[in-house]
1. Restricting attention to segment 156-173, and to residues there that are surrounded by fewer than 20 Cβ atoms within 10 Å (Cβ to Cβ) and of a type in the set (Gly, Ala, Ser), which single residue is nearest to PHE86 (Cα to Cα)?
2. Can you pull out the residues in segment 86-95 that are open to solvent by less than 40 Å² (accessible area, probe 1.4 Å) and out of contact with any Pro (no Cβ under 6 Å at 6 or more places or on another chain)?
3. Restricting to segment 58-103, count the residues that are among the small types (Gly, Ala, Ser) and in a helix (DSSP H, G or I).
4. Here are the criteria: (1) at pLDDT 85 or above; (2) more than 26 Å from MET1 (Cβ to Cβ); (3) in a loop (DSSP other than H, G, I, E, B). Tell me which single one PRO156 does not satisfy.
5. Looking at PHE170 and the list (1) within 30 Å of ARG4 (Cα to Cα); (2) touching a Lys or Arg at 6+ places or on another chain (Cβ under 7 Å), which single condition is not satisfied?
6. Please enumerate the residues belonging to segment 111-155 that are open to solvent by less than 70 Å² (accessible area, probe 1.4 Å) and acidic (Asp, Glu).
7. Going by the structure shown, is LYS44 out of contact with any strand residue (DSSP E or B) (no Cβ under 6 Å at 6 or more places or on another chain), open to solvent by 90 Å² or more (accessible area, probe 1.4 Å), assigned to a helix (DSSP H, G or I) and closer than 22 Å to VAL181 by Cβ?
8. For LEU136, only one of the following conditions fails: (1) in a loop (DSSP other than H, G, I, E, B); (2) touching a Gly at 6+ places or on another chain (Cβ under 8 Å); (3) at pLDDT below 90. What is its number?
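The values are calculated or read from the model by the stated rules, or taken from the named source; none is laboratory data. On a predicted model such as this, the values are computed, not experimentally measured, just so you know. Note that we place each Cβ from the backbone using ideal geometry, even for glycine, and neighbour counts take in every protein chain shown. Note: areas computed on protein heavy atoms with side chains; ligands, DNA, RNA excluded. Shrake-Rupley method; radii C 1.70, N 1.55, O 1.52, S 1.80 Å.
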Amino acid sequence: MIGRSLTDKIRSKLKLKPSTVFIRPSNPIKNNNGFTQAQKIVGKACGLDGVSPGMTCEPIMTTVGSQDTTGPMTRDELKELACLGFTADLVMQSFCHTAAYPKPVDLITHKELPDFISQRGGVALKPGDGIIHSWLNRMLLPDTVGTGGDSHTRFPLGISFPGGSGIVAFAAAIGSMPLNVPESVLVKFTGDLLPGITLRDLVNAIPLFAIKKGLLTVEKANKKKYI
């Protein structure tokens, strides 16, 4: 992936067509039922109309979020990749988990990590600036793909896939990430949005009604997760 990315950038500068030496994501088998919105968004990031469950692809990561509990590990991974500049359009580092009650090691991270991120073209929030979700939500585009440390950087706009510190570093440095496309479910809401009901309420309603219908269980044994 790294070699292909470097080759594509150089050939693009030279106004040459992409190399055919490397393996690339291929068009999925035609789906007569069409694609869900999630499959379309990921497909667009791969240069395809859509992606199918189980397909291996490498969507472009427009947004990468790094939060402070895994930020030092992501920094170490970036050093291993010899990353001197981020390829992803937006790489943001937050300190929302350790700002209120920092330990001595957190104070060191607060001092050193922002410069590391900004020197590579990223954006580092200051401790006390707030949670990374709020900041990312102001900068996201609704039809792009992103990733973030663990599940801390889920995006309500576009679509995101959580990753460990290594995946976050890889996505930031390379600008894409390997992905095995999971199953997605098409959900349609009908009716009018009542006053006071937020998008979060609608999202939370999906598992609530799935639980009521017996399609989703929360017990550890014999779990059902097909909505």
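1. The qualifying residue nearest to PHE86 (Cα to Cα) is GLY166.
2. Across segment 86-95, the qualifying residues are PHE86, ALA88, LEU90, VAL91, MET92, GLN93, SER94.
3. Going residue by residue through segment 58-103, those that are among the small types (Gly, Ala, Ser) are 65-66, 71, 82, 85, 88, 94, 99-100.
Checking the rest, the ones that are also in a helix (DSSP H, G or I) come to 71.
Qualifying residue count, segment 58-103: 1.
4. Condition not satisfied by PRO156: (1).
5. It is condition (2) that PHE170 fails.
6. ASP129, ASP143, ASP150
7. Considered against the rule, which asks whether it is out of contact with any strand residue (DSSP E or B) (no Cβ under 6 Å at 6 or more places or on another chain), open to solvent by 90 Å² or more (accessible area, probe 1.4 Å), assigned to a helix (DSSP H, G or I) and closer than 22 Å to VAL181 by Cβ, LYS44 comes out as yes.
8. It is condition (1) that LEU136 fails.
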